[in-house]
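*Asks:* My structure is below; once you've seen it, I'll send some questions.
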Amino acid sequence: MDRIRIIGGKRLEGTIPISGAKNAALPLMIASLLTRETLTLKNVPRLADVTQLSRILGNHGVDITVAGKRAGQSTSDGQTVKLTAEEIVDTTAPYAMVARMRASFWVLAPLLARCGEAKVSLPGGCAIGTRPVDLHLAALKSLGAEIDLEGGYVIARAPKGLTGNKIVLPKVSVGATHNTLMAAVLARGETIIDNAAREPEVADLATCLVEMGARIDGIGTSTLRIEGVPSLHGAEHTVLPDRIETGTYAMAAAITGGEVFLEGARADLLQEALQLLRDTGIEVEESASGIKVSRNGGGLQAVSVETQPFPGFPTDLQAQLMALMCMAKGTSQVRETIFENRFMHVQELARLGARIELKGDTALVTGVNDLRGAQVMATDLRASVSLIIAGLAAQGETLIGRVYHLDRGFERIEEKLGRCGAHIERISG
């Protein structure tokens, strides 16, 4: 099993290209199930989750090709992936596949909408909370689907097709919004989704669906209006840049006292996070081509934050911010409101010398002068990268185990950080 070894204390300086967003690429790939024609996606990141989802979609009959590198293209450039679901050969998504990645559960809606039936295993993924699928199923029922749970599978049927309806999601849910949106575009009549997630990745999916012929109003707002159409056609769409990767590398630069240009990053996708970084004393400069982050000599200041749905501070940056605050002056307060088990990185950060006290859904982080390298274990995707951030600032060697989590969401992280001066390497086996 691979590990990552870091010798801390190196100042990060240079340019880091930001990859396409994993959280946008996955639902976009799934949307290929909605049409017989080819969906071409550009700027798709090279990640384990993308590979796994390709296997799942292949099981349903989607033909997937990845364009070869063009002259002058580097490994930092995203892939171009062509997905053609001319014929759905299987409407079952088996446990062995879905259990490995939660987002694959979203095949439920397009299979149901296009084929009138689907049998999809209840999902797996990171162990950061129960994350029930009740909202997904209730929304599909509102559109006329018959839903049964048998042997760990959701069995959905709509032999006469789906019918539009008004759906009020009782809580903001990115996954439920994705699933409801993909079901509604082929439903008869109008569907209104109230309290829809406003995350940029949801807007990216909606934009792509419109490019495929869907009729959607209110993109980027909490109310989506969808007028169903009989069928969708192919399209070409570019995946937006990854705001979580952007925030992660910004914090890595900050904790090392460095200066890094995040090439291709879009500041509008994470304004709340960028403002919070400014509050800690970090300099953030926004431009059309990216974001420059620097901390030249000044200390880090403690902040208080709670995770919220977009446009609030994202839960996917909570662990990274906590690592940064381990070396801030004073005590920071970090409240997690989205996932109940998302503090599993705390005990590993403590092994590096962090001072963190947990009180229910809140972590109190008292900054220390120095972190010390140690052997630590990654528990989930975002926790993994928080240990990378802390290790970059720690004195001596940090050895991080179970880094397969990282490969699910960060494209060649050791290569990107290494180019900016980090002493970081992957140890195989």
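The values are calculated or read from the model by the stated rules, or taken from the named source; none is laboratory data. All of these numbers come straight from a predicted model, not from anything done at the bench. All Cβ positions, even for glycine, are placed from backbone atoms using ideal geometry, and neighbour counts span all protein chains on display.
*Asks:* Which of the residues belonging to region 149-169 are at pLDDT 95 or above and of a type outside the set (A, V, I, L, M)?
*Replies:* 157, 161, 163, 164, 165, 166, listed by residue number.
*Asks:* What are the residues in region 200-214 that are under 24 Å from residue 141 (Cβ atoms) and part of a loop (DSSP other than H, G, I, E, B), if any? If you could, list the steps in order and put the result at the bottom.
*Replies:* The first filter runs over region 200-214 and keeps only residues under 24 Å from residue 141 (Cβ atoms), leaving 202, 205-206, 209, 214.
214, the sole residue that qualifies.
*Asks:* Now a separate question. What do you reckon, is residue 364 out of contact with any Ser or Thr (no Cβ under 6 Å at 6 or more places or on another chain), part of a strand (DSSP E or B) and in contact (Cβ under 8 Å) with a residue 12 or more places away in the chain? Before the answer, list the steps.
*Replies:* Working: out of contact with any Ser or Thr (no Cβ under 6 Å at 6 or more places or on another chain): no; part of a strand (DSSP E or B): yes; in contact (Cβ under 8 Å) with a residue 12 or more places away in the chain: yes.
When the stated conditions are applied, residue 364 does not pass them.
*Asks:* If you don't mind, another one. Is there a residue being within 18 Å of residue 316 (Cβ to Cβ), out of contact with any strand residue (DSSP E or B) (no Cβ under 9 Å at 6 or more places or on another chain) and either without any contact (Cβ under 8 Å) to a residue 24 or more places away in the chain or of a type in the set (Lys, Arg) (or both) anywhere in region 176-187?
*Replies:* No, that holds for no residue.
*Asks:* Could you pull out the residue among 376, 365, 385 that is more than 24 Å from residue 306 (Cα to Cα) and of a type in the set (Val, Ile, Thr)?
*Replies:* 376
*Asks:* Give all pairs with beta carbons closer than 8 Å in which a residue from region 397-426 that is closer than 19 Å to residue 347 by Cβ and assigned by TED's automatic domain parsing to the domain that holds residue 253 meets a residue that is surrounded by fewer than 23 Cβ atoms within 10 Å (Cβ to Cβ) and among the basic types (Lys, Arg); count only pairs at least 6 apart in sequence or on separate chains.
*Replies:* Cβ pairs passing all conditions: 398/5; 399/3; 399/5; 400/3; 400/5; 401/3; 403/3; 403/426.
*Asks:* Here is a list: 394, 363, 350. Which entry is more than 25 Å from the chain's Cα centre (by Cα), surrounded by 16 or more Cβ atoms within 10 Å (Cβ to Cβ) and not assigned by TED's automatic domain parsing to the domain that holds residue 100?
*Replies:* Unique residue meeting the criteria: 394.
*Asks:* Among the residues of region 30-51, are any without any contact (Cβ under 8 Å) to a residue 24 or more places away in the chain, under 19 Å from the mean Cα position of the chain (by Cα) and surrounded by fewer than 23 Cβ atoms within 10 Å (Cβ to Cβ)?
*Replies:* Yes, region 30-51 contains a residue that is without any contact (Cβ under 8 Å) to a residue 24 or more places away in the chain, under 19 Å from the mean Cα position of the chain (by Cα) and surrounded by fewer than 23 Cβ atoms within 10 Å (Cβ to Cβ).
*Asks:* Does any residue of region 86-99 turn out to be closer than 29 Å to residue 291 by Cβ and in contact with a Leu (Cβ under 6 Å, 6 or more places away or on another chain)?
*Replies:* Among the residues of region 86-99, not one is closer than 29 Å to residue 291 by Cβ and in contact with a Leu (Cβ under 6 Å, 6 or more places away or on another chain), which makes the answer no.
*Asks:* Also, quick follow-up: Give me a count of the residues in region 224-263 that are under 17 Å from the mean Cα position of the chain (by Cα) and part of a loop (DSSP other than H, G, I, E, B).
*Replies:* Number of matching residues: 3.
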